[in-house]
1. Run the helix sum for the chain: -39,500 (n - 2.57) per DSSP H stretch of 4+ residues, divided by residue count, reported at 222 nm to the nearest 500 deg cm²/dmol.
2. Please arrange ARG368, ARG250 by how many other C-beta atoms lie within 10 Å of their C-beta, fewest to most.
3. For LYS50, what is the net charge nearby, where nearby means another residue's Cβ is under 13 Å from its Cβ and Lys, Arg count +1, Asp, Glu -1?
4. By counting other Cβ atoms within 10 Å of each Cβ, how are THR364, THR172 ranked from fewest to most?
5. What does the charge count near GLN102 come to, summing +1 for each Lys or Arg and -1 for each Asp or Glu among other residues with Cβ under 13 Å from its Cβ?
6. In cubic angstrom, how much convex hull volume per residue do the alpha carbon atoms of the range 38-93 span?
7. Could you tell me which label, among (1) 120, 91, 41; (2) 56, 49, 40; (3) 78, 48, 36, carries the value of Cα extents along the principal axes in Å calculated for this structure?
8. Longer than 23 Å from Cα to Cα, which of LYS50/LYS117; LYS50/LYS83; LYS156/LYS391 are they? Say none if no pair is.
Amino acid sequence: MNRDYHILSVSELTFQIKELMEGSFPSVWIEGEMSNFLHHRSGHMYFTLKDDGSELRSVMFRGNNQFLRFKPENGMKIVAQGKISVYEQRGQYQLMVQQMEQAGIGTLYLAFEALKKQLSEEGLFDLEWKKEIPPFPKTVGIITSSSGAAIQDIIKVLGRRAPHVQLILRPTLVQGAEAAEEIVQAIEEFQSFQNVDVLIVGRGGGSLEDLWPFNEEKVARSIHECTIPIISAVGHETDISISDLVADVRAPTPSVAAELVSPSRENLIGDLEQIFFDLNRALGKQLQQRWQHLDHLTDRAVFQQPGRKVVRKRDRLETAIHQLVQSAQYRVKMSQSQLEGAQEILTVLNPQNVLERGYSIAMTVPEREIIRSAHALGAGDPFQVQTARGKFSAVKTNDMEEK
């Protein structure tokens, strides 16, 4: 019997279907309801995504699901990103999930990826726009919440490593609908101030919704256009925001950001000592070369009896070398003296030392704003008092007449 058609085996047909489907759907976003969920002892997750009309077998391997921010459950609405794959042994197609979030949060992830792609195509993340962080900043601007853990971590690190660095805090909201606009305004204010060497913009950890102001386009463009170098320190090490990508430097935590702008006093002194050592070694090497050259000239001039001229040259050389060594030592000692003097001054001005002398700071509750006038509170209003050895609550009873 003559045949003008080609007969495929099951494996051949399945292989062609596999190539066609996997080539057509290398990356897709899918929303559906989770069912038949199984977290296998191997660490892999197997489940079905379904809607009113269809079902889709899905798998999320351990290497991807270990980063999930929620616990999957049957009946949960989710958004998943992955690729279509054909399981040839059973002739079934499935979704190999790479990212997965609950449906509401998944919408934020889609917005994040869309803005990330847009700004990347515009070149806002390119290295050519990255400004260098000054190695020895004198003034650091901080944009964060005045009551959050981030500002406390930054103050603690800088107080230990570089108490001579001046801090200027511009308090802002760091979550919520109005936070992004406040962050943009703070960046603009620091630019008009024109006396800040570097900015730290960030906050502590939180959910994707909490960190969202740092993923908004207006904040990203403000950071990109800022003429002051900016360090983005948003969340924990595993949190990546749009602000991190567009900033000049990304710090995994606010504490690390503080370390980046505060070379420790010990490191500075060590650098000075290394410079002094290198200078002495270079001078010693130069002196040795000069002596060898002088000896060579002396040997050549023996028959011409230039003894007096050689002695004069030798004396001038010794004098010049002595002066050069003294000058280098003087400069190093002056630098050390200036560093120690600045440390003593800043220690006196340290707010903690002021509290140690018996002063205290009164702050409103719960805003924690410093009370500068007796009229800022009414009778019966509570407030908090910060001392050198702790804090306590108090209530205003009445105003006292000034004498």
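Every number here is computed from the coordinates shown, using simple stated rules; none is lab data. The model shown is predicted, which means the values in this text are computed figures rather than measured ones. As a convention, Cβ positions derive from the backbone with ideal geometry for all residues, glycine included, and neighbour counts pool all protein chains shown.
1. Numbers: 12 runs with 178 residues, N = 403.
After summing the helix terms and dividing by residue count, I get -14500 deg cm²/dmol.
2. Values: ARG368 13, ARG250 19.
Placing the least packed residue first, the sequence is ARG368, ARG250.
3. Values: positive: ARG57, LYS77; negative: GLU31, GLU33, ASP51, ASP52, GLU55.
Counting the neighbours of LYS50, the net charge comes to -3.
4. Values: THR364 15, THR172 23.
By the 10 Å Cβ count, ascending: THR364, THR172.
5. On the way: positive: ARG69, LYS71, LYS77; negative: GLU31, GLU33, GLU73, GLU101, GLU209.
With Lys, Arg at +1 and Asp, Glu at -1, the net is -2.
6. In the range 38-93, the Cα hull volume divided by residue count equals 110 Å³.
7. Entry (1).
8. Numbers: LYS50/LYS117 29 Å; LYS50/LYS83 16 Å; LYS156/LYS391 18 Å.
Table pairs above 23 Å Cα-Cα are LYS50/LYS117.
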